[in-house]
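A short worksheet on the structure shown next.
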Amino acid sequence: MELLLGQVLGFDGDHTAPRIDEGVAIDAGRVKAVGSADRLRRDFPQARVTDHGRALISAGFVDAHVHYAQTAIIASWGKRLIDWLNTYTFPEEMRFADPAYAADVASRYFDLTLANGTTTVCSYATIHPESVDAFFAEAQARGLRAFAGKTCMDRNAPDGLRDTVRSAYDDSKRLLEKWHGGRLGYVITPRFSPTSTPEQLEALGALWREYPDCLMQTHLSEQTDEIAWVKELFPQSRDYLDTYEAQGLLREGAVFGHAIHLTEREKARLAEAGASLVHCPTSNTFIGSGLFDMGLAQTLRVGLATDTGGGSSFSMLRTMAAAYEIGQLRGNPIHPSQLWWLATQGSARALRAEHQIGNIAAGMEADLVVVDLASTPAIEQATRRADDIWQAVFPTIMMGDDRAIRAVYVAGVSSDCRSAA
Ligand code: GUN
Ligand code: ZN
């Protein structure tokens, strides 16, 4: 039994109902109780107490769309999506045929995400089953709740980086049966319509019907050139979403990354189907994709993500800042409460894991981050005059990075988050 004291942030419902408590009691990997320091000390006299002072104690960040295999090519210069994939991404992903390389990157990747306070990610692997094994083995060794799947592509990718209709189905099924369960979630993962034949999408739709409690993730309407290409490749489809919908890949549990340039029909169908969208703001500016419409959060589950390495940061603080900036460019200044909610509970909801992670409340899994709200001189002086919690948090959202992450708890166990900093 452990008792952490600080400014404990939870949400009673959505981002309009934040709650600050003085302490959180943890037992057997879960949150046992939240409340005032006095009451918790009285109720749990045996608990080991760690006092984090004025630091914010939050649910660990949930990064709802990443490519762990792109860790080494983050910040690659000068290309838009299709050229970026061909120039930087595909050659790097080719290297994951080597299990030792995959294991090395997986370990480095989780060092970086934990150093940034992220306790759950939902990742694309590469086409290689070994890359999925490396990801899940590393996540399991660290006790993390984590999601990933083998990226499937059977066309428009270089030799050595294509699977087939059959192998995509067979390998995905084998990996799913091997890894799905406990804190690990297998995600059926066609990369995007340009790199899958309709037959491959259909086979993955069939696999999803066999394992309906899995998630399915893919990319949707990220860049206008990409959308024009989809139109050429799928002349019969009504729009980009229809290329997935027609193959049984649109329902609850479908998680679409980017979703920037949507038609009215696509928006309506996504909402009707109960699908999730993931906003990847640093990626959308870095690769030059466009400005996501946060208004979609009124009708859809929307999560937030770094999209590393198309995104330019491993930090969900930096990602919240980019989401704020994009909101401003669209005339919508997103409240810090909503930014924080998106990076925790919003992403957890997008992954349909909101009953396990993404919030601090009794019964939730104790994946927590302790955030120093005065981690640099620039941030410290900006918070000095704050007279409410959100004024105190906002400078860290806008200017914070891994220096603000004071501690991380994974299933109630403190993890050395500074090892990669
Ligand atoms: N669309 C298809 N593959 C990718 C990828 O790896 N990154 C991004 N940002 N978009 C994609
Ligand atoms: Zn992506």
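Residue pairs whose Cβ atoms lie under 6 Å apart, sitting 6 or more positions apart in sequence or on different chains, and linking a residue in segment 35-54 that is in a strand (DSSP E or B) to a partner that is open to solvent by less than 90 Å² (accessible area, probe 1.4 Å), are Gly35/Asp21; Arg48/Glu2; Val49/Leu3; Thr50/Leu4; Asp51/Leu5; His52/Gly6; His52/Val370.
Screening Met153 against (1) in contact with a Pro (Cβ under 9 Å, 6 or more places away or on another chain); (2) open to solvent by less than 10 Å² (accessible area, probe 1.4 Å); (3) free of Cβ contacts under 8 Å to residues at least 40 places away in the same chain leaves a single unmet condition, (3). Checking each residue in segment 258-272 for being open to solvent by 20 Å² or more (accessible area, probe 1.4 Å) and among the small types (Gly, Ala, Ser) picks out Ala268, Ala271.
Quick grid of which residues meet (1) closer than 20 Å to Ile82 by Cβ; (2) small (Gly, Ala, Ser); (3) touching a helix residue (DSSP H, G or I) at 6+ places or on another chain (Cβ under 7 Å):
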position	(1), (2), (3)
Pro281	no, no, yes
Ile287	yes, no, yes
Gly295	no, yes, no
Thr299	no, no, yes
Gly303	no, yes, yes
Gly311	yes, yes, yes
Leu317	no, no, yes
Glu325	no, no, no
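Restricted to segment 92-108, and to residues there that are more than 23 Å from the chain's Cα centre (by Cα) and in contact (Cβ under 8 Å) with a residue 24 or more places away in the chain, the residue that is farthest from Trp229 (Cα to Cα) is Pro99. In segment 264-275, the residues that are in contact (Cβ under 8 Å) with a residue 40 or more places away in the chain reach residues that are part of a helix (DSSP H, G or I) with C-beta atoms within less than 8 angstrom, at least six apart or across chains, in these pairs: Glu266/Tyr240; Glu266/Leu241. Any residue that is within 16 Å of ligand 1 (Cβ to nearest atom), farther than 20 Å from Leu9 by Cα and open to solvent by 60 Å² or more (accessible area, probe 1.4 Å) - is there at least one of those in segment 60-77? Checked against the condition, which is being within 16 Å of ligand 1 (Cβ to nearest atom), farther than 20 Å from Leu9 by Cα and open to solvent by 60 Å² or more (accessible area, probe 1.4 Å), segment 60-77 yields at least one hit. Within segment 115-150, the residues that satisfy the criterion of being aliphatic (A, V, I, L, M) and open to solvent by 10 Å² or more (accessible area, probe 1.4 Å) are Ile127, Ala134, Ala137, Ala141. Segment 60-160 holds strands (runs of 3 or more DSSP E) entirely within its bounds, and those carrying 3 or more residues that are at pLDDT 95 or above and either β-branched (Val, Ile, Thr) or more than 16 Å from ligand 2 (Cβ to nearest atom) (or both) map to 61-67, 118-124.
Residue selection: Asp213 fails the criterion of being open to solvent by 10 Å² or more (accessible area, probe 1.4 Å) and over 22 Å from Ala353 (Cα atoms). Within segment 179-194, the residues that satisfy the criterion of being outside any loop (DSSP other than H, G, I, E, B), in contact (Cβ under 8 Å) with a residue 24 or more places away in the chain and more than 15 Å from ligand 1 (Cβ to nearest atom) are Trp179, Leu184, Gly185, Tyr186, Ile188. For Arg166, the test of being crowded, with 18+ Cβ neighbours inside 10 Å and either among the charged types (D, E, K, R) or over 18 Å from the mean Cα position of the chain (by Cα) (or both) is failed.
The values are calculated or read from the model by the stated rules, or taken from the named source; none is laboratory data. Model, not experiment: these values are computed from the prediction. Heads up, the Cβs are rebuilt from the backbone with ideal geometry, glycines too, and the neighbour counts pull from every protein chain shown. To get the accessible areas, we keep the full protein, side chains included, count just its heavy atoms, and leave off ligands, DNA and RNA. Shrake-Rupley method; radii C 1.70, N 1.55, O 1.52, S 1.80 Å.
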